1. Could you list, in sequence order, all residues of segment 115-150 that are outside any helix (DSSP H, G or I) and closer than 28 Å to R105 by Cβ?
2. Just checking, does segment 141-149 include any residue being touching a residue at least 60 places away in the same chain (Cβ under 8 Å) and surrounded by fewer than 15 Cβ atoms within 10 Å (Cβ to Cβ)?
3. Name every residue in segment 30-57 that is open to solvent by 40 Å² or more (accessible area, probe 1.4 Å) and either out of contact with any strand residue (DSSP E or B) (no Cβ under 9 Å at 6 or more places or on another chain) or not small (G, A, S) (or both), in order of residue number.
4. Does segment 159-167 include one or more residues that are assigned to a helix (DSSP H, G or I), touching a Phe, Trp or Tyr at 6+ places or on another chain (Cβ under 9 Å) and open to solvent by 20 Å² or more (accessible area, probe 1.4 Å)?
5. Here are some residues: K124, K154. Which one is open to solvent by 10 Å² or more (accessible area, probe 1.4 Å), of a type outside the set (A, V, I, L, M, F, W, C) and farther than 30 Å from L30 by Cα?
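The values are calculated or read from the model by the stated rules, or taken from the named source; none is laboratory data. Just so we're clear, the structure is a prediction, and the values are computed from it rather than from any experiment. Note that each Cβ is placed from the backbone with ideal geometry, even for glycine, and that neighbours are counted across all protein chains shown. Accessible surface is based on the protein model in full, side chains and every heavy atom, while ligands, DNA and RNA are left aside. Shrake-Rupley method; radii C 1.70, N 1.55, O 1.52, S 1.80 Å.
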Amino acid sequence: MAEKTLTPPKAAANGTPAGFGKTFPTRHDLPADKRAELIALLNQQLADTKDLQTQTKHAHWNVKGENFIALHKLFDELNAVLEGFVDEIAERATALGGVAVGTARNVAARTRLPELGLDTFHWKQLVPAMADRFAHLAKTTREAIDAADDLGDKDTADLFTEVSRGLDQSLYFLEAHLQG
């Protein structure tokens, strides 16, 4: 899997996060320039997390093989976990005065995850492919924890820590199918 480094876009001179549109006035005490960087960081993680969520739902719909029912159910459960994270990340971006950028087209344009092949159906191919994607998002989420902490936002760092724990648990569930 190609590595993409976590470097959120810097804010424009007017404090608007690069590539993420309008911001709204807020009484939040973080400085506008830091909020702008955090909104960009949150929107990048939103794109990656939403992409993984849709790929996980795709896996749920299309998995084949002798482990079908267990994986069909697991992928649906993992989708639900990711859906919750998507909502939390998006709401944090808006709480900081930003816009949550989560349409399908925007997610597709911004995601750092590789596309799941449309010919990947058998569980022996699908589970490792999904494990790779969960591991990649967990890694960039841990990088996002550090970035949010460096920007002085313990709340966003805490949110990303929660996401990281959930991704690690999901990765464990996937890898358990490959071990032994």
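1. Kept after step one, since they are outside any helix (DSSP H, G or I), are these residues of segment 115-150: 115-122.
Correct list: E115, L116, G117, L118, D119, T120, F121.
2. Of the residues in segment 141-149, the ones touching a residue at least 60 places away in the same chain (Cβ under 8 Å) are 141, 143-144, 147-148.
Retained after the next criterion (residues that are surrounded by fewer than 15 Cβ atoms within 10 Å (Cβ to Cβ)): none.
No; the residues of segment 141-149 include none that is touching a residue at least 60 places away in the same chain (Cβ under 8 Å) and surrounded by fewer than 15 Cβ atoms within 10 Å (Cβ to Cβ).
3. Our first condition is that a residue be open to solvent by 40 Å² or more (accessible area, probe 1.4 Å); within segment 30-57, this holds for 31-34, 50, 54, 57.
Selection gives P31, D33, K34, K50, T54, K57.
4. Yes, segment 159-167 contains at least one residue that is assigned to a helix (DSSP H, G or I), touching a Phe, Trp or Tyr at 6+ places or on another chain (Cβ under 9 Å) and open to solvent by 20 Å² or more (accessible area, probe 1.4 Å).
5. On the way: K154 fails: farther than 30 Å from L30 by Cα.
Only one candidate passes the filter, namely K124.
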